[in-house]
Every structure is written in C-alpha cells, then in structure tokens.
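J.: Have a look at this one.
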Amino acid sequence: MIRRPPIPALQPFVKESWAADSTGSSAESRPGDREHVLPTGSMHLVFRLTSDPLKVYRQTGEAGGISYGPVVIGGVRSVYYIRDISRPTRSVGVLLKPGVSEWLFGSHSDEFSHRHTCVDLVWGREAELIREQLSELSQVRQLAMVESWLARRLSVADAPSQVMVDALKRLEARETIRSVVEYSGYSHRHFNALFRRFVGLTPKAYSRILQFQRLVDRLKYSPQQSMAEIALEAGYSDQAHCSRHFLATAGITLSEYRRLAPQFHRHVKLPST
C-alpha cells in the first residue's frame, strides 16, 4: 500500500492520498471474511478498480449486506462500520479535509454522514471514465492522475472557512468546545449548525473521535504502555471510561483489539467463524 501527502495544490483540501492492491497478497481470503473499519473523522473518496463492489453490513452476523460502487464517497462517521474483505481488491483514494464536500460534491458534509454514496449519483458518468483510465496505470501514476483531476476541480477560491479551520485546530489542541465557540464569535447554536455542515458531525461527536484517534494511535505506536497510562494520555478520565468509549466506537473490546493487533490500525479483521 502507498500512502502519501497530497500535492501542494491539494493540501488545503486533502489529508492523504493512497493506493492499495491486495490481489497479489499471499494472505488467504475466505468467503465471509469481514473487518471493522474504525472512524477517522474524515470523508473518503475511493475508486475501486476490481469488479467486486464495496459491501457493508449494519451489524455483526448480517447475511445480505449492502453493495456500493465502483466509485464511492465514504461519509464521516462517529462509529465503525463492517466491510466485506472476502475478495482481493485494487483501489485508489483520498482522505478529505473537512469543508471540501460543498465544492467537490455539491452538498455539505452532513448530507453524507454515516453512510456511503455512489459517486455516479453526484457526478454521473465522469467518475466511471476516470476509473476506467486508472485501472490501466501503476499505483504511482494512479495517485498522480487522481490528484491532478481533483486539483482541476478545486482551487484556492474554494478554500475552507478560516474560522472553521481554526476551530478544528483548537479542538485538536484539546481546547474545550465552549472556548472554541467563544473564539468563533458565533452563538452556540449557530456554531453547531455551521460546524455540522462543515465537518459532518457535531462538535461534541468530532471531539470524541479526536480522542478516539489519540487512543488508537497510542495503542499502535506505544504497545508496551499500560492501558491506564494510554487512557490518561489520550484524554480519558479513567480506564473504565476509555474501555466503554472504545467498545461503542470500534465494536470490539480493547482487549480484543490488542490481541488481534491489526496491521493497519483502523482496519480490524474479525476472527473467522
């Protein structure tokens, strides 16, 4: 898998570009294999280059699932979703910064929250034409093509609201929501409405995802630390609070997560049944 920062022209809009190919992997895939995809706090745009659609499930044990594709908008989420991983895939995509949805998709972020949307509903045939061209390229050239295409659709004139950008930075620095609202100069109600349109979540839900991200990063990069220390450093009041929040957000317990030790720490393959 290739992950990289976007080209300079896209840095106001894109957090990360990536390309993945599991078709040549030696890891065995079995019918029914699934994973929990943990929330990132961001929207995703994904071009699936293999024929199988994205299939997601509302709950563990669900038989049918819902299929999407081949080009998909992944809305911002506050909890995990379950994805089928029973077939090898090739894909390329970008992790979008808050506020981009309005210019890229013609609707605010909250219109896409907690769900997947097929891009042909937004862009029509254009996305499929891009996908067809991507399928013939190497991963590096796929990234270059997607970034070039996005750069033509977005410009500095579309730069996100500086007030909202500053608000996000302050929340990431662990300022209280109250202080961030005061800094913005808006009423609490107006700020909440603007924030939800910009990010796709309420300020409280987004702050909880930031906290969850700190926790998952520490679980990945500081595996020898005690759980009590990790919980406090991530901003939880105690280990019990941390455990409850992790279960509600990831759909598995902290002990299960640590035992499974996923290679990609926001993609947790479920044990085969």
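Every number here is computed from the coordinates shown, using simple stated rules; none is lab data. As the structure is a computational prediction, the values presented were derived from the model and not from experiment. Methodologically, a virtual Cβ is constructed for each residue, glycine included, from the backbone with ideal geometry; neighbour enumeration extends over all protein chains shown.
J.: Per DSSP H run of at least 4 residues, take -39500 (n - 2.57); add these up for the chain, divide by its residues and hand me the 222 nm value, nearest 500 deg cm²/dmol.
T.: -12000 deg cm²/dmol
J.: Using only the alpha carbons of region 141-238, determine the length spanned along each of the three principal axes and report them from longest to shortest in whole angstroms.
T.: In descending order, the Cα extents are 48, 45, 17 Å.
J.: Test of understanding: ordering HIS36, HIS116, HIS108, HIS265 by Cβ neighbours within 10 Å, fewest first, what list do you get?
T.: Working: HIS36 23, HIS116 20, HIS108 17, HIS265 14.
Final ranking by Cβ density, sparse to dense: HIS265, HIS108, HIS116, HIS36.
J.: Roughly how many debye, to the nearest 20, is the charge dipole of the chain about its Cα centre, given +1 on each Lys and Arg Cβ, -1 on each Asp and Glu Cβ, and no other charges?
T.: 360
J.: Using the structure shown, select from LYS204/LYS269; LYS15/LYS169; LYS97/LYS204; LYS15/LYS55; LYS97/LYS169 the pairs with a Cα to Cα distance greater than 20 angstrom.
T.: Those over the limit are LYS204/LYS269; LYS15/LYS55.
J.: How do ARG197, ARG4 line up, fewest other C-beta atoms within 10 Å first?
T.: Result, fewest neighbours first: ARG4, ARG197.
J.: Right, here's the next one. Please sort by residue number the trypsin sites (Lys or Arg not before Pro) in region 28-108 whose DSSP state is loop and whose Cβ has at most 13 other Cβ atoms within 10 Å. Could you put the intermediate results ahead of the total?
T.: Working: sites: ARG34, ARG48, LYS55, ARG58, ARG77, ARG83, ARG90; in loops: ARG58, ARG77.
Qualifying residues, ordered by number: ARG58.
J.: To the nearest 20 Debye, how big is the dipole of region 154-273 about its Cα centre, given +1 on the beta carbon of each Lys and Arg and -1 on that of each Asp and Glu? If you can, show how the numbers build up before the last one.
T.: On the way: 17 positive and 10 negative charges, 61 e Å.
With Lys and Arg at +1 and Asp and Glu at -1, about 300 debye.
J.: Follow-up question, since we're still on this one. According to a simple spin-label model (label point 7 Å from Cα along Cα-to-Cβ), what is the distance in nm between ALA248 and ARG4?
T.: 4.0
J.: Additional query: Determine the sum of side-chain charges near ALA234: Lys and Arg each +1, Asp and Glu each -1, restricted to other residues whose C-beta is under 10 angstrom from that of ALA234.
T.: In short, -1.
J.: Now for a separate question. Among rounded, prolate and oblate, which fits region 69-132 when a ≥ b ≥ c are the square roots of the eigenvalues of its C-alpha gyration tensor, a/c under 1.5 means rounded, and a/b larger than b/c means prolate? Could the numbers behind the result be given before it?
T.: On the way: a/c = 1.97, a/b = 1.10, b/c = 1.79.
Judged from the Cα gyration tensor, region 69-132 comes out oblate (a/c at least 1.5, b/c at or above a/b).
J.: If I model a spin label as a point 7 Å beyond the Cα along the Cα-Cβ vector, how far apart are those points for SER237 and SER179 in nm?
T.: According to this spin-label approximation, the distance is 2.0 nm.
J.: By count of other Cβ within 10 Å, fewest leading, how are ASP166, ASP238 ordered? Please report the intermediate quantities before stating the final value.
T.: On the way: ASP166 13, ASP238 10.
Exposure proxy ranking, most exposed first: ASP238, ASP166.
J.: Can you list which of the GluC sites (Glu not before Pro) found in region 1-85 are DSSP loop residues with at most 15 other C-beta atoms within 10 Å? Could you put the intermediate results ahead of the total?
T.: Numbers: sites: GLU16, GLU28, GLU35, GLU62; in loops: GLU28, GLU62.
Those that pass, being in a loop and sparsely packed, are GLU28, GLU62.
J.: Here's another thing I want to ask about it. By its C-alpha gyration tensor, with a ≥ b ≥ c as the square roots of the eigenvalues, how is the chain shaped: rounded for a/c under 1.5, else prolate for a/b larger than b/c, else oblate?
T.: oblate
J.: To one decimal place, what Kirkwood hydrodynamic radius in Å is obtained for region 26-177 from all pairs of distinct Cα atoms?
T.: 17.0
J.: On to the next question. With a Förster radius of 41 Å, plug the Cβ-Cβ distance of ALA63 and TRP149 into 1/(1 + (r/R0)^6) and report the FRET value to the nearest 0.05.
T.: Between ALA63 and TRP149 the formula returns 0.65.
J.: Restricting attention to region 168-273, which GluC sites (Glu not before Pro) occupy a DSSP loop and are surrounded by at most 16 other Cβ atoms within 10 Å? Mind showing how you got there, number by number?
T.: Working: sites: GLU172, GLU175, GLU182, GLU229, GLU233, GLU256; in loops: GLU175.
Those that pass, being in a loop and sparsely packed, are GLU175.
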